[in-house]
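Reading through the structure tokens given below for one structure.
Each value in this text was obtained by applying a stated rule to the coordinates, not by laboratory testing. This structure is a prediction, so every number in the text was calculated from the model and none was measured. Cβ coordinates were reconstructed from backbone atoms using ideal geometry, including for glycine residues, and neighbour counts include every protein chain displayed.
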Amino acid sequence: MTHRLEPLLNPSSLAVIGASERHGTPGREIINNLLAGGFQGPLYAVNPRYGEIAGLPCHPTLADLPEPVEQVYIAVGDAHVESALEQAINHGARAVVIICSLAPDGSEPPLMERVRARARQAGILLMGGNTMGYYNFSRGTWACAFDTRDNHVGGGITLITHSGAGMSGLIDCDERLDCNLAVSTGQELDVRMDEYLDYALEQGETRVVGLFMETARSPEGLRNALRKARDRKIPVVVLKVGRTEFSARLAESHSGAMAGRDDAFQALFDRYGVIRVSDMDEFTTALIMFNQPHPVAPGALVSLHDSGGERQLLVDLADEMDIPLATLSTETTARLEHILDPGLPAVNPLDAWSAGGPGYHRIMEDCMAALMSDPGAAFGAVIHDRAPNSKIYDDYFDYLRKGHAASGKPAFLVANRQGTGSDPAVVEATREGFPVLDGLRPFLAGVRALTNFRDFHVRAADPAPVADELTVARWQRKLNNLTGKASELTTLHLLGDFGVPACQPTACDNEQAVLDAASEVGYPLVLKTAKPGVVHKSDVGGVCLNIANEHELRQAYGRMVHTLGPQVIVMPMVKETGVEMALGMVNDEQFGPLVMLGFGGRDIESSGKVRFLMPPFGPETAKRAVESLEGSKRLGAWRGRAAVDVNAFCQAAANFSAMVHALASEISELDANPIIVHTAGCIAVDGFMSVTGDDYETCGESELQVATRDKTADS
């Protein structure tokens with residue numbers, strides 16, 4: 001079945017409105033590129049000022065062409081773009097590319113909106129505005145309006161970017177990036193990044209897709225495309241900008257889009273196994289590494305060096321970046337000891353530098369073969385410095401080939417720093433399937449990318465719990481009768497009903513009710529204010545802990561009545577000590593409900609100590625998130641204290657996610673903090689919730705009214 005974007009990305013015929021004889025102009029560069037790429041279909045120049053451009057006949061208007069064309073490339077300024085678009089629509093074109101910026105022109109509606117509306121009304125596919133165009137290298141359509149190198153070769157990488165300069169800066173400056181398709185999406189007035197991604201996933205030559213992303217203009221479309229990539233096991237590498245508030249504001253002014261909440265994007269990427277990188281070096285390196293054809297085996301990295309100091313540098317960086325290094329088997333160690341010069345330890349990473357002699361290179365080859373044949377090796381790297389003038393010794397490639405031939409595993413040649421230069425051997429080896437890479441940090445980030453992608457796809461199924469339908473229906477009725485901040489009482493009862501262990505408080509509004517509740521709960525106990533609108537109770541003296549007897553309880557209640565009123569809750573004091581964790585829920589405006597899990601108390605505001613996941617998810621997914629938290633080691637045995645029950649917390653998190661998934665329409669925000677995780681389980685001792693509605697400041701019901709109404713409804 002033909003993809004709907006074929007007329008836009010693989011047109012059978014093309015005309016350029018605004019084609020020009022002036023070198024360096026977009027109207028001339030697009031003609032030059034289409035000719036250089038060997039565009040196979042009919043190609044026409046359109047400009048009333050010329051009779052011929054670059055050997056092509058030039059026509060005054062589209063109406064003067066001898067035949068209809070499928071795509072019209074509009075290379076004119078803002079002042080003329082509407083008339084050019086109208087020409088294309090009247091001509092019967094199926095797709096247009098608009099490169100101009102469509103800046104605000106002082107009229108209403110703005111130019112951008114007028115162009116969008118007219119294209120949609122006509123049902124014509126539109127790329128842009130403010131785009132550099134696209135390259136379909138696999139089909140010979142170089143439809144970019146800016147200069148490019150003349151030696152592009154089609155390959156397995158698809159590059160889709162919100163940054164036009166980012167597209168050119170990558171594919172024009174590094175010949176190792178062999179793309180089948182590269183697209184500068186521009187303002188996405190019509191066709192969006194997720195649609196280009198869907199198209200790329202349908203192309204048989206696509207091995208990996210790189211997204212330089214500012215925002216998601218169709219969150220659901222992006223979800224669907226990433227799901228398709230996951231199901232087809234095609235890696236997607238994302239460089240997402242707009243992580244900081246300032247960067248997000250720049251993204252908004254740059255592309256007319258609002259950069260989404262970064263936590264939500266990260267949760268989306270985690271859900272579908274998307275590989276996220278931090279900068280252009282990591283982005284490029286990961287794309288090159290994924291484009292090599294050899295599958296990644298189980299295990300970790302092995303590496304061959306000719307320097308003890310640089311070998312130690314790799315060890316330090318791998319530890320800093322949490323990149324595992326393979327531990328060699330007894331058999332491999334014995335094999336290496338037989339090969340190496342005396343005094344060189346047979347370990348990974350391996351410094352195999354010999355005193356020299358005619359057999360030196362044979363020693364390095366044999367060592368690489370032994371390393372990569374080890375059952376714990378997933379892939380291997382030869383990490384050597386460049387030769388003079390940034391060249392590469394031919395022997396290094398022999399090491400790669402010998403290691404791969406012995407194991408079938410991927411092998412990489414890595415420089416300790418930038419310095420590949422323009423050596424043609426670099427490009428040849430990379431295209432042969434042995435990528436040549438620059439810099440240890442980007443390479444190690446690529447190692448992490450390959451292993452994370454591998455592990456994501458071999459992971460055992462982790463089914464999410466499913467919330468009980470009757471419980472969901474009952475709570476939907478309750479929550480639909482509330483607005484604003486729901487009571488702590490309601491929140492804790494909600495958690496308990498959905499399988500999140502929680503203290504079950506009793507609501508009271510007079511001293512006798514407090515004493516009666518205490519007799520049921522037992523001492524020690526906790527007394528909290530239930531005054532409507534008070535969220536952070538401890539900040540206003542609304543929490544009394546560890547009340548030991550009736551006398552202390554009367555005194556505490558008297559003080560609380562005086563300052564905060566008679567409405568309180570009574571709950572048992574949790575006797576177990578442990579680690580404070582937290583679960584939370586927010587509704588992201590683009591991607592819907594997100595579950596937060598991490599350390600509780602004051603740590604909840606610390607970077608690296610919380611993670612966000614898309615619900616629902618299973619307990620193993622929760623456990624991986626917990627293990628990734630900064631400081632997660634303190635959940636194990638710590639300073640004489642036994643390890644806490646992390647599995648209980650992860651099961652509670654999974655149950656929480658099922659609740660959030662079921663009640664996302666009724667809840668806008670929920671916080672269960674802290675959850676005490678102890679050696680034999682976990683229990684939530686505090687929480688608040690914002691119910692969907694117009695009033696998010698106060699609750700219109702008292703704790704006692706809520707409790708009374710809930711009991712009536714339950715009965």
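Tell me, what HN-Hα J-couplings in whole Hz come from the Karplus equation 6.51 cos²θ - 1.76 cosθ + 1.60 at θ = phi - 60° for each residue of segment 509-514, using x for Gly and Pro?
9, 7, 4, 5, 4, 4
Let me check I've understood the local charge: for residue 522, count other residues with C-beta under 13 angstrom from its C-beta, Lys and Arg +1, Asp and Glu -1. What total comes out?
Overall, the nearby charge balance is -2.
Quick check for you: which residues of segment 73-89 have the amide N under 17 Å from the point 7 Å beyond the Cα of residue 54 toward its beta carbon?
73-76
Counting only other residues whose beta carbon sits under 13 Å from that of residue 44, what net charge do I get with K and R as +1, D and E as -1?
Net local charge, residue 44 excluded: -4.
When the chain is fully extended, how far beyond the present Cα-Cα distance does residue 432 get from residue 317, taking 0.36 nm per residue of separation?
Extra length from residue 432 to residue 317 when fully extended: 38.6 nm.
How long, wide and thick is segment 295-458, going by the Cα atoms along their three principal axes, in whole angstroms, largest first?
46, 41, 29
Starting from the Cα of residue 25, step 7 Å along the direction of its Cβ; do the same at residue 519; then give the gap between the two resulting points in nm.
Result: 9.5 nm between the two label points.
Apply the Karplus parameterisation 6.51 cos²θ - 1.76 cosθ + 1.60, with θ equal to phi minus 60°, to every residue of segment 221-235 and state each ³J(HN,Hα) to the nearest whole Hz, in sequence, with x for glycine and proline.
3J(HN,Hα) across segment 221-235, in whole Hz: x, 5, 3, 5, 5, 5, 5, 5, 4, 4, 5, 8, 6, 9, x.
Evaluate the distance, in nm, between pseudo-label points positioned 7 Å from the Cα of residue 536 and of residue 466 along their respective Cα→Cβ axes.
4.2
With angles folded into 0 to 90 degrees, how steeply does helix 280-291 sit against the dominant principal axis of the chain? Use alpha carbons for both and round to 10.
70
Hey, got the dipole for the chain? About the Cα centre, +1 on K and R Cβ, -1 on D and E Cβ, debye to the nearest 20?
That gives the chain a dipole magnitude of about 600 debye.
Set the bar at 31 Å for Cα to Cα. Now go through 240/537; 485/575; 409/633 and name every pair that lies beyond it.
Those over the limit are 240/537; 409/633.
Suppose we look only past 23 Å in the calculated P(r) of segment 556-641. What percent of the Cα-Cα pairs does that tail hold?
45
What does the highest-first list of 436-447, 635-646, 146-157 look like by mean Cβ count within 10 Å?
The most tightly packed comes first, giving 436-447, 146-157, 635-646.
In deg cm²/dmol and to the nearest 500, what is the mean residue ellipticity at 222 nm of the chain if only DSSP H runs of at least 4 residues count, each as -39500 (n - 2.57), divided by the residue total?
-12000 deg cm²/dmol
What FRET efficiency, computed as 1/(1 + (r/R0)^6) with R0 = 45 Å and r the Cβ-Cβ distance, is obtained for residue 280 and residue 108, rounded to the nearest 0.05?
0.70
Treating the Cα atoms of segment 1-95 as identical point scatterers in vacuum, please give the log10 of the normalised Debye intensity I(q)/I(0) at q = 0.13, 0.14, 0.15, 0.24 Å⁻¹, two decimals.
At q = 0.13, 0.14, 0.15, 0.24 Å⁻¹ the computed log10 ratios are -0.40, -0.46, -0.53, -1.36.
Return the sequence-ordered ³J(HN,Hα) values of segment 97-103 in whole Hz as given by the Karplus equation 6.51 cos²θ - 1.76 cosθ + 1.60 applied to θ = phi - 60°, using x for Gly and Pro.
Those phi angles translate into 10, 10, 8, 6, 6, 6, 5 Hz.
Cβ under 12 Å from residue 218's Cβ, residue 218 left aside: what net charge do those residues give with Lys, Arg +1 and Asp, Glu -1?
Cβ neighbours under 12 Å give a net charge of -3.
Give me, ordered by chain and number, the residues 5 or more places off residue 210 or on other chains with an amide H under 5 Å from its own placed amide H.
For residue 210, whose amide H was placed from the backbone, the distant partners under 5 Å are 158, 159, 160, 237.
For helix 26-37, report the angle its Cα long axis makes with the longest principal axis of the Cα atoms of the chain; keep it between 0 and 90° and round to the nearest 10°.
Relative to the chain, helix 26-37 is tipped by roughly 70 degrees.
With the Cα gyration tensor of segment 149-291 in hand, convert its eigenvalues to equivalent ellipsoid semi-axes via √(5λ) and list them largest first in whole Å.
Semi-axis lengths for segment 149-291 are 22, 18, 14 Å.
To the nearest 0.05, what FRET efficiency results for residue 575 and residue 329 with a Förster distance of 60 Å applied to their C-beta separation?
The value I calculate is 0.75.
Taking a temperature of 25 °C and a viscosity of 0.890 mPa s, what whole-number D in µm²/s does Stokes-Einstein yield for the chain with Rh from Kirkwood over alpha carbon pairs?
Rounded to a whole number, D works out at 83 µm²/s.
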